[in-house]
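Okay, structure first, notes after.
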Amino acid sequence: MTTNNSLLHSHWSSRFAFILAATGSAVGLGNIWKFPYITGENGGGAFVLVYLVCVLLIGIPIMIAETMLGRRSQRNPVETMQMLTKEANADENWQYLGWMGMIAGVLILSYYSVIAGWASAYVVKAFTGSFFNADANAIQSLFDNFTASPLQLMFWHSVFMGATMWIVSRGVSHGLEKSVRFLMPSLFVLLILLVGYAMTTNSYQRGLHFMFNVDFSTLTRNSVLTAMGHAFFTLSLGMGSIMVYGAYLPKDISISKTTYLVAAADTIVALLAGIAIFPLVFEHNLHPASGPGLIFQTLPIAFGNMTGGWLMGILFFVLLVFAALSSSISLIEPLVAWLVENKNFTREKACIWSGLGTWFLGLGTVFSFNIWKDVHFFERTIFQLLDYITANLMLPIGGFCIAVFAGWIMHRDHTQSELQMPCKPSYELWRILVRYVAPASIFLVFLHVIGVL
Ligand code: TRP
């Protein structure tokens, strides 16, 4: 990343750097932890299909729109919305979109950090040989004992939040480009190896069947919303993460092509994770619908029983933590950038305050796995409620607004010159998707979940 003084932000050093950063944001716990467990909870194939359709028809066009908004203004999401609203002579209330995004980012990071803390703790467990020769029961009780301890969860949540804020305080670009360049491909290779292991089990076909056999009778109203919400979550859309990264993108780079690459990489990683995990679930008579502990209850069995499993286990969880880090920094960057650019905070001070606030909120999630396990609001634990409100409601609403803003409020000339798509038909296709298809689909899914459709 180089600094260009005529602009507010510094810039990514190349298109490749932006692709890495956006992939770093997109690929994270969402792909490896969340996708398998919600696929398990929502019955498999049909859910996966709805998710893929949402990525294609809603996710990709909105990702192009969100990147474009950031790049046009070269500012943080709150200022972006203020500036573009003025440019289009639109209603001032659009600026609240930037605000909602910052809040969603903090809420998501509060639980994201707790789960990333689990992954960090599992690095140590892998290292000390806790998985060695273990069977499904042993791995299950390892997980249960761990999550039953508020102190341990708090400790690892603090470690992860500390690491996130330390990186953010040094500037998002610093070191990020380099680490993502090396870590993402390594994670990919490891996932392929795990799929290879899954192939050697007797339940490989059964796992594949679960993931890809489409049976719509397994879909509930909420499953459809969860699938759509996950398309936003996994691509980091709807709250300003991608907008704030787009703000660092040089003007001469094609937004659409980079978006396709990022979305493809993100989807492939999620599918690989699923293909690696479900055969293990069936092989060891576990339940696909075991919930957020799914990867922690399955993969260690594989590491404990395969040759080279000790090293693989350590590497896997280390890489998962890094993938989570490159995502978590993008969750908090909109808030930090706003505090620094608009509220005159130093970067350090902005990081300390936003980090402390997020850490504190995270305690709700920590306790919802132990002492507050039975505290329910709307039939959900605090963790489940936070996840539902952010991923299923705030992100799709944010995405809806971004689509409407880019498609209906901004001048056509502005979006066209910003996107410079290689051929006219692809710009027209994007415009149809972002004006009609994406907003209408989001709206229909909401109607479906409240039972109108
Ligand atoms: N996409 C990341 C993951 O799958 C999480 C994430 C980062 C995110 N930034 C975001 C989710 C912004 C929603 C919005 O792990």
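The values are calculated or read from the model by the stated rules, or taken from the named source; none is laboratory data. Because the structure is a prediction, the values reported are computed rather than measured. FYI the Cβ positions are ideal-geometry reconstructions off the backbone, even for glycines, and counts take in every protein chain you see. Surface areas here come from the heavy atoms of the whole protein model, side chains and all, with no ligands, DNA or RNA. Shrake-Rupley method; radii C 1.70, N 1.55, O 1.52, S 1.80 Å.
Keeping all protein chains in place, calculate the accessible area per residue for the chain (probe 1.4 angstrom), answer in Å². Write down the numbers at each step before the final one.
Working: 17680 Å² over 453 residues.
Spelled out: the 1.4 Å probe surface of the chain, per residue, equals 39 Å².
Using helices alone, what [θ] at 222 nm do you get for the chain, with -39,500 (n - 2.57) per DSSP H run of 4 or more residues, divided over all residues and rounded to the nearest 500? Numbers along the way, then the final one.
Numbers: 21 runs with 315 residues, N = 453.
Counting only the DSSP helices, I get -23000 deg cm²/dmol.
Please give the Cα centre distance for segment 134-155 versus segment 392-453, rounded to the nearest Å.
43
Compute the Cα gyration tensor for segment 15-449, then decide on rounded, prolate or oblate, letting a ≥ b ≥ c be the square roots of its eigenvalues: rounded whenever a/c is under 1.5, prolate when a/b is larger than b/c in the other cases, and oblate in all that remain.
Working: a/c = 1.70, a/b = 1.43, b/c = 1.19.
Cα axes put segment 15-449 in the prolate bin.
May I ask for the distance between the Cα centers of segment 205-229 and segment 313-344, given as a whole number of Å?
One Cα centre to the other: 30 Å.
What's the ranking of 149-155, 119-125 by average number of surrounding C-beta atoms within 10 Å, highest first?
Working: 149-155: 15.7, 119-125: 21.1.
Taking the mean over residues of other Cβ atoms within 10 Å, the ranking is 119-125, 149-155.
Can you list the residues of segment 16-37 with backbone N under 15 Å from a point 7 Å past the Cα of Phe188, pointing along Cα to Cβ?
The answer is 16-28.
Sort the following peptides by mean Cβ neighbour count (other Cβ atoms within 10 Å, averaged over residues), highest first: 319-325, 439-445. The partial results should precede the final answer.
Numbers: 319-325: 24.0, 439-445: 17.9.
With the highest mean Cβ count within 10 Å placed first, the list reads 319-325, 439-445.
What is the percent carbon and sulfur in the accessible area of segment 142-293, measuring with a 1.4 Å probe over the protein chains and ignoring ligands?
Exposed carbon and sulfur together represent 65 percent of the surface.
Put +1 on the Cβ of every Lys and Arg and -1 on every Asp and Glu Cβ in the chain; which of Ala148, Val336, Leu235 then has its Cα farthest towards the positive end of the dipole?
Val336
Order 139-148, 36-45 from most to least packed using the mean count of other Cβ atoms within 10 Å. Present the calculation step by step, with values, prior to reporting the outcome.
Working: 139-148: 16.9, 36-45: 22.4.
Ranked from most to least packed, the peptides come out as 36-45, 139-148.
Among rounded, prolate and oblate, which fits segment 283-334 when a ≥ b ≥ c are the square roots of the eigenvalues of its C-alpha gyration tensor, a/c under 1.5 means rounded, and a/b larger than b/c means prolate?
Numbers: a/c = 5.81, a/b = 1.52, b/c = 3.83.
Since a/c reaches 1.5 but b/c is at least a/b, the shape of segment 283-334 is classed as oblate.
What are the ³J(HN,Hα) couplings of segment 91-97, residue after residue, when phi is run through the Karplus curve with 6.51, -1.76, 1.60 and θ = phi - 60°? Round to Hz, x for glycine and proline.
The phi angles translate into 4, 5, 4, 4, 5, 5, 4 Hz.
Can you compute the FRET efficiency between His209 and Leu453 using 1/(1 + (r/R0)^6), with r the Cβ-Cβ distance and R0 = 25 Å? Round to the nearest 0.05. Working shown, then result.
Details: r = 30 Å, r/R0 = 1.18.
The calculated FRET efficiency here is 0.25.
Amide H of Lys373 versus every other amide H placed in the peptide plane: which residues, excluding those fewer than 5 positions away on the same chain, fall under 5 Å?
Under 5 Å from the amide H of Lys373 lies no amide H from a residue far enough along the sequence or on another chain.
Please report the accessible area of Ile371 (heavy atoms, 1.4 Å probe, ligands and nucleic acids excluded) in Å², nearest 10.
Roughly 110 Å² of Ile371 is accessible to a 1.4 Å probe.
Kindly write out, for segment 189-204 in residue order, the coupling ³J(HN,Hα) from the Karplus curve 6.51 cos²θ - 1.76 cosθ + 1.60 (θ = phi - 60°), rounded to whole Hz, with x marking Gly and Pro.
Once θ is set to phi - 60°, the couplings for segment 189-204 become 4, 4, 5, 4, 4, 5, 5, x, 5, 4, 5, 7, 7, 6, 9, 4 Hz.
Could you list the residues of segment 107-141 with an amide nitrogen less than 17 Å from a label point located 7 Å from the Cα of Lys343 in the Cα-to-C-beta direction?
107-110
For Lys125, which aspartates and glutamates qualify as cross-link partners when the Cα separation must be under 20 Å and same-chain residues fewer than eight apart are set aside?
Asp135, Asp144
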